[in-house]
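Reviewing the structure listed below.
The values are calculated or read from the model by the stated rules, or taken from the named source; none is laboratory data. The shown structure was predicted, so the numbers you read here are calculated from the model rather than taken from an experiment. Every residue, glycine as well, gets a Cβ built from its backbone with ideal geometry; the counts of neighbours run over all protein chains shown.
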Number of protein chains: 2
Amino acid sequence: MMIEVMRLKFFIDKLIAEIEKKNSVVCVGLDPHLDRLPDFLLEKYQVNSAPDRSEKTARLRDVIIEFNSEIIAAVAKTAVIVKPQLALYEQLGLAGIEALKQTIDIAQKEGLLVLFDGKRNDIGSSARGYADAYLKTDSLSGLGKADALTINPFLGQEGIAPFLNYPDKGAFALVRTSNPGAGALQDLLLADDTPFYLKLGSLIAEWGSEYQGESGYSNLGAVVGATRPEELAHLRAQLESTFFLIPGYGAQGGGAAETAGGFDERGLGGIVNAARSIIFAWQRPEIAEKFSTANYAEAAEFAARQMKEEINEVRVGGKK
Amino acid sequence: MMIEVMRLKFFIDKLIAEIEKKNSVVCVGLDPHLDRLPDFLLEKYQVNSAPDRSEKTARLRDVIIEFNSEIIAAVAKTAVIVKPQLALYEQLGLAGIEALKQTIDIAQKEGLLVLFDGKRNDIGSSARGYADAYLKTDSLSGLGKADALTINPFLGQEGIAPFLNYPDKGAFALVRTSNPGAGALQDLLLADDTPFYLKLGSLIAEWGSEYQGESGYSNLGAVVGATRPEELAHLRAQLESTFFLIPGYGAQGGGAAETAGGFDERGLGGIVNAARSIIFAWQRPEIAEKFSTANYAEAAEFAARQMKEEINEVRVGGKK
């Protein structure tokens, strides 16, 4: 089964095969916010008594690797993909890059795809630099085994094409993000009376049309938040070959019902991301009763399974 | 003189003091394209006979550090700021981060400001992660000594404010980029008949208004290409407190005349970036006659001085 999946050439086809195999569209954000990691792990690695910056970051690297390993093992059967947010690793410099590298290996060994949330963007050889760094499997960076990367489409097609250079790798372009202030630019009304994000969505669909896999979906996906369900449903109807990464579930306020519009009649077309509400689940009041800090991984497993089931309730084609 | 400049609290005031001191608005892009570095340096460090990836990237790191050191020393009197493009370092993984770290130190020792071209963007704690990584002087990343960072404004004000957290550091938000395909999104006409980039520019000015230095300019600048001179002049007139980073000079086709509209009546308001036409100047046909590959640094010095003089010819307030 695994071998068959791995042989699929296109990233998007691999992702869809995993969704069908696991009956899940769950994406878990691996966002190691330093102020929310379990205290006992910081103590175990003596982070706060590190003699200097270099040793402190090395110890934080070890904390993050242990934390990510436990979370990954706990959600491996429930999630199809994990999404490390790059800033939270970059802020540790070299140690962060090492943590990221190990996180890819651990996740892929557990059968999970890896989506780097880097929102990278540039043109020409600089865009190729980013694409090579994170998507070229035998990259000099050592980080090229990631399966996909989020990108920012503001520079136009020249800023997107370089990220589609590897058929077994994917990219998700921001279209309508889930933060409260996103509308200031993304909702601006154009002269033809459509909002900016809708025009952007149609351009993403057009630019991605050459990169369709056997599933009919393209390796160029779109990031569309769950916080505006009517927009999500409208984009789903308009962009039939564009797969969505749907953030905003959980800590950002969207619930399962808000994601429903993101799926097609086969229950495909989107993955839903949650980070803090899964990986720091033991800190959620309604879950804290069941799990202690020491059982943070079990709390994550519980929260991920709950998320999977809640979304499958509303997802057409998701078996209950 | 240096001490006085360093005491200025705001990034933008420090930049302007350097412009006035050096009578120059030249920004040199430190973009180490691996396929354009001098052959003799690759041979000196035996890059192509490296036994493995790790050793190859370590040798490339040494090549880049030597190359950047020579270029920085050569342009230090002419340029006010250098701009490493992060992708070209990230593609080397750990070794690239080390090269970047040393490049900051070398440039700042030579009295140059350092602008990271990373086009970073995210919200909340992730945006703070990037801001801390590259702009917080005592950052855990080891890269926080950079003076400024390019950012992508697509996520709105929440994606920008975290980058303005440090008064002695600046950010330049993309507004109208210089690539041929930029217009597909940036020039879209809004319902009120203005192009998207102009509305974006006015939002950047508004969001930056709280971060003005004594110079009257804000720590939140804008990236506006030199390839559309009429747009540049229009934006200069509209956004009187927004300092511009003007790419597109040199290899991208814009000449000095195209940058003229970017300056105010004092000759301030913009820095002009050139990368390949300076750092690989010895490869330019009209310069190759004067300098051999071995004299690549002298060629860069010559090209940077020529650039400074050409722009000062058209820059009001620039002494000829």
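Scanning region B:146-188 for residues that are away from chain A (no Cβ under 12 Å) and not in a strand (DSSP E or B), which turns out surrounded by the most Cβ atoms within 10 Å (Cβ to Cβ)?
The residue in question is B:146.
With the requirement that a residue be in contact with a Lys or Arg (Cβ under 6 Å, 6 or more places away or on another chain) and more than 14 Å from chain A (Cβ to nearest Cβ), what does region B:71-112 give you?
Hits for region B:71-112 are B:78, B:80.
Being exposed (fewer than 15 other Cβ atoms within 10 Å of the Cβ), closer than 24 Å to residue A:150 by Cα and not β-branched (Val, Ile, Thr) narrows it down to one residue among A:237, A:304, A:256, A:274; which is it?
Numbers: A:304 fails: exposed (fewer than 15 other Cβ atoms within 10 Å of the Cβ); A:256 fails: exposed (fewer than 15 other Cβ atoms within 10 Å of the Cβ); A:274 fails: exposed (fewer than 15 other Cβ atoms within 10 Å of the Cβ).
When all the criteria are applied, what remains is A:237.
Report, by residue number, each residue of region A:117-138 that is more than 7 Å from every other protein chain (Cβ to nearest Cβ) and of a type in the set (S, T, N, Q).
A:137
Take the residues in region B:68-88 that are touching a strand residue (DSSP E or B) at 6+ places or on another chain (Cβ under 9 Å) and in a helix (DSSP H, G or I), then tell me which one is nearest to residue B:282 (Cα to Cα).
B:71
Give all pairs with beta carbons closer than 6 Å in which a residue from region A:196-218 that is within 14 Å of chain B (Cβ to nearest Cβ) meets a residue that is part of a helix (DSSP H, G or I) and not charged (D, E, K, R); count only pairs at least 6 apart in sequence or on separate chains.
A:196/A:186; A:197/A:186; A:201/A:235; A:207/A:157
Only one residue in B:138, B:187, B:132 is within 18 Å of residue B:229 (Cα to Cα), at pLDDT 95 or above and among the charged types (D, E, K, R). Which one?
Sole residue among the options that is within 18 Å of residue B:229 (Cα to Cα), at pLDDT 95 or above and among the charged types (D, E, K, R): B:187.
Of all residues in region A:228-244, how many are in a loop (DSSP other than H, G, I, E, B) and touching a helix residue (DSSP H, G or I) at 6+ places or on another chain (Cβ under 7 Å)?
Here is the first cut: in region A:228-244, the ones in a loop (DSSP other than H, G, I, E, B) are A:228, A:239-243.
Now drop any that are not touching a helix residue (DSSP H, G or I) at 6+ places or on another chain (Cβ under 7 Å), which leaves A:239, A:241-243.
Residues that pass the stated criteria total 4.
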